[in-house]
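J.: Input: one structure, supplied below.
The values are calculated or read from the model by the stated rules, or taken from the named source; none is laboratory data. Small disclaimer: the values here were computed from a predicted structure and weren't measured. FYI the Cβ positions are ideal-geometry reconstructions off the backbone, even for glycines, and counts take in every protein chain you see. Remember, those area values only see protein heavy atoms, side chains included, never the ligands or the DNA or RNA. Shrake-Rupley method; radii C 1.70, N 1.55, O 1.52, S 1.80 Å.
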Amino acid sequence: MSERGLLIVLSGPSGVGKGTVRKAIFESEDNDFQYSISMTTRPMREGEVDGVDYYFRTREEFEELIEAGQMLEYAEYVGNYYGTPLSYVDKTLDKGKDVFLEIEVQGARQVKEKVPDGVFIFLTPPDLQELKSRIVGRGTDAAEIIEERMKVAREEIEMMALYDYAVVNDEVPLAVERIKDIIASEHFRVDRVIGKYIKMLKEM
């Protein structure tokens, strides 16, 4: 039987570049992670594809899944739900594959309660002014939404203490390498591997 995979959680404030960093990780040749696509009720942006960028669902459909206990985590953020379907994550971890989640900070707190041995990585901006520039630069949000996102971002940064690691996203390739190094080292932690050796000793 294969060892259970690692659950890797990447989150951080809106506009910090979580999606860009995650895509760069998955486009690299040595990537061996399984990406768990999040579900949302927000409108699809230009260029996005259902089942690739997100599973886009109505509010009613999303709430039915919550009621049925089929969400690993979910959060309501700036008027829309975001969350992670449970069944795919469990099945993939049981096969010994590492599962990579890119989720909001509220959702990461729920995951930490359910899967405390996950690897929790907080992606930070170089500074708050840079974060605002990135949000404005996307050109997808109205002024009042930008201000709301900045308010939430400040609150999210204050929740960094819930995470195991903080990675600055100053340059995407550097952030990608830092995250890969963290995950590689996590696989060698004694508390993750000692069970296998204790079992071997008992069987000698």
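J.: Which of the following residues is of a type outside the set (D, E, K, R), modelled with pLDDT of 90 or more and more than 26 Å from Leu65 (Cβ to Cβ): Tyr82, Tyr165? Full working, then the answer.
T.: Numbers: Tyr82 fails: more than 26 Å from Leu65 (Cβ to Cβ).
Going through Tyr82, Tyr165 in turn, the sole match is Tyr165.
J.: In the range 27-77, which residues are surrounded by 14 or more Cβ atoms within 10 Å (Cβ to Cβ) and of a type in the set (A, V, I, L, M, F, W, C)?
T.: Phe33, Ile37, Met39, Phe56, Phe62, Leu65, Met71, Leu72, Ala75
J.: Which numbered condition in (1) open to solvent by 50 Å² or more (accessible area, probe 1.4 Å); (2) among the β-branched types (Val, Ile, Thr); (3) modelled with pLDDT under 75 is the only one that Ile135 fails?
T.: Against the list (1) open to solvent by 50 Å² or more (accessible area, probe 1.4 Å); (2) among the β-branched types (Val, Ile, Thr); (3) modelled with pLDDT under 75, Ile135 comes up short only on (1).
J.: When the residues of the range 2-11 are narrowed to those that are outside any strand (DSSP E or B) and in contact with an Asp or Glu (Cβ under 7 Å, 6 or more places away or on another chain), which ends up modelled with the lowest pLDDT? Before the answer, list the steps.
T.: Step one: filter the range 2-11 for residues outside any strand (DSSP E or B), giving 2-6.
Going one step further and asking which of them are in contact with an Asp or Glu (Cβ under 7 Å, 6 or more places away or on another chain), we end up with 4-6.
Values: Arg4: 85, Gly5: 92, Leu6: 94.
The residue in question is Arg4.
J.: Mind listing whichever residues of the range 156-195 are open to solvent by 90 Å² or more (accessible area, probe 1.4 Å) and among the charged types (D, E, K, R)?
T.: Once the filter is applied, which keeps residues that are open to solvent by 90 Å² or more (accessible area, probe 1.4 Å) and among the charged types (D, E, K, R), the range 156-195 yields Glu158, Glu171, Glu177, Asp181, Arg189, Asp191.
J.: Would you mind telling me which numbered condition in (1) farther than 28 Å from Phe33 by Cα; (2) open to solvent by less than 50 Å² (accessible area, probe 1.4 Å); (3) modelled with pLDDT of 85 or more Ile146 fails?
T.: Failed condition: (3).
J.: Which count do you get for residues in the range 57-74 that are among the small types (Gly, Ala, Ser) and assigned to a helix (DSSP H, G or I)?
T.: Total meeting the criteria: 0.
J.: Open to solvent by 50 Å² or more (accessible area, probe 1.4 Å) and in contact with a strand residue (DSSP E or B) (Cβ under 8 Å, 6 or more places away or on another chain): which single residue out of Pro126, Pro116 fits that description? Spell out how you get there, then give the answer.
T.: Details: Pro116 fails: in contact with a strand residue (DSSP E or B) (Cβ under 8 Å, 6 or more places away or on another chain).
Checking each option against the conditions leaves just Pro126.
J.: Does Arg109 satisfy the condition of being at pLDDT below 90, surrounded by 14 or more Cβ atoms within 10 Å (Cβ to Cβ) and either more than 15 Å from the chain's Cα centre (by Cα) or over 14 Å from Ser11 (Cα atoms) (or both)? Full working, then the answer.
T.: Values: at pLDDT below 90: yes; surrounded by 14 or more Cβ atoms within 10 Å (Cβ to Cβ): yes; either more than 15 Å from the chain's Cα centre (by Cα) or over 14 Å from Ser11 (Cα atoms) (or both): no.
When the stated conditions are applied, Arg109 does not pass them.
J.: Follow-up. List pairs: first residue in the range 68-85 and more than 20 Å from Ala153 (Cβ to Cβ), second residue part of a loop (DSSP other than H, G, I, E, B) anywhere in the structure, Cβ distance under 6 angstrom, at least six positions apart or on different chains.
T.: Close Cβ pairs satisfying both conditions: Thr84/Ser36; Thr84/Ser38.
J.: For the range 12-51, give me each residue that is of a type in the set (Lys, Arg), in contact with an Asp or Glu (Cβ under 8 Å, 6 or more places away or on another chain) and over 23 Å from Glu148 (Cβ atoms).
T.: Arg22
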